[in-house]
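Remarks on the structure that follows.
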Amino acid sequence: MENIIKIWAETLAPWLYDHGVKVLFIILGAYVFQFVIGKFVEKAIRLAIVADEYTYEEGEKKREDTLINIINSSLKIAIFFITIMMILQEIGILIGPILAGAGIVGLAFGFGGQYLIRDVISGLFIILESQYRIGDVIKFDTVGGTVENITLRMTTLRDLDGTVHHVPHGEIKKVSNLSKNFGRINLNVGISYSSDIDHVITVINRVGLELAEDPFWAEAINKPPQFLRVDDLGDSAVVVKITGETKPHRKWEVTGELRKRIKVNFDSEGISIPFPQREIWMHTSDSGK
């Protein structure tokens with residue numbers, strides 16, 4: 001046993017002093033380089049991205065974070081691959097045959113790789129055109145949710161149920177961004193035909209202004225919700241449309257608060273919100289008389 005340990009010590013120790021130290025320096029160098037280049041990329045993108053008149057501060061930061069995340073992820077993969085090749089070469093494994101074999105394997109999977117290329121190219125256009133950013137609420141053809149991550153190949157969404165969806169960029173045909181630059185309140189409310197429409201308009205506009213002036217909600221509202229028009233003359237109600245403008249991501253909660261306040265004020269002002277009604281006429285036959 002002592003002889004085995006001695007032999008291992010005599011053979012392993014020189015290798016560790018020579019190649020082992022170099023491998024350690026390669027790993028440390030890769031880590032330091034990745035850290036430095038990551039900070040450089042972040043600084044460069046923060047300076048390069050300039051907000052326009054339609055871009056709010058939070059939206060600008062989302063775009064910057066998205067680009068930083070994608071570029072750093074790509075750099076990590078490249079640095080990891082180069083580091084592995086350098087370590088293999090240092091421990092005596094020829095990397096030439098490995099690279100050649102990788103090329104052959106790449107050719108063998110070239111047909112399937114066309115889908116990967118399609119995903120990457122689509123991802124590049126999504127990023128360059130800033131169609132959506134991390135944190136945006138978007139909807140594809142079949143799924144929707146908050147963007148949690150974007151890579152060159154796919155987008156990761158989380159919906160209201162907490163379900164995570166991974167969508168390859170090549171599968172995306174249409175994108176609807178529900179939270180870019182601003183949100184819009186678009187609310188229809190039904191009132192009874194007996195209601196005084198001018199009184200209804202006054203109450204709606206008053207409620208919208210009170211909501212916009214509320215210290216808790218003022219920061220979330222760009223334009224106070226106001227009466228826009230009579231949108232429909234329905235079977236059982238006159239439908240009025242209310243619109244306003246909010247900060248992105250806030251339109252859902254602002255609209256919910258607006259509904260609540262309209263209901264409370266309509267009740268106190270004697271304005272009824274009707275429900276569908278149907279009149280039934282009973283015909284009695286005189287044949288039995």
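Projecting the Cα atoms of Gly208, Val264, Ile197 onto the charge dipole of the stretch 183-269 (Cβ charges, centred on the Cα centre) puts Gly208 farthest toward the positive pole. Treating r as the C-beta distance of Glu257 and Arg229 and R0 as 22 Å, the FRET efficiency rounds to 0.50.
Here's the picture: charge each Lys and Arg Cβ at +1 and each Asp and Glu Cβ at -1 in the stretch 113-180, and of Gly170, Leu160, Val147 the one pushed furthest to the positive end of that dipole is Gly170. Partners of Lys22 within straight-line reach, counting lysines whose Cα lies under 27 Å from its Cα and excluding those fewer than 8 residues away in the same chain: Lys6, Lys39, Lys76. Full extension of the chain between Ser268 and Asn205 yields a length gain of 21.1 nm, computed as 0.36 nm times the residue separation minus the alpha carbon distance. What the phi angles of the stretch 191-204 give under the Karplus curve with 6.51, -1.76 and 1.60, with θ = phi - 60°, is a coupling list of 10, 6, 5, 7, 6, 7, 4, 5, 5, 4, 4, 4, 5, 4 Hz, glycine and proline written as x. Counting 0.36 nm for each residue step from Phe25 to His166 and taking away their Cα separation leaves a gain of 47.0 nm.
No value in this document is a laboratory result; all are computed from the given coordinates. Just so we're clear, the structure is a prediction, and the values are computed from it rather than from any experiment. Because the Cβ atoms are built from the backbone with ideal geometry, glycine has one as well, and the counts that use them run over all protein chains shown.
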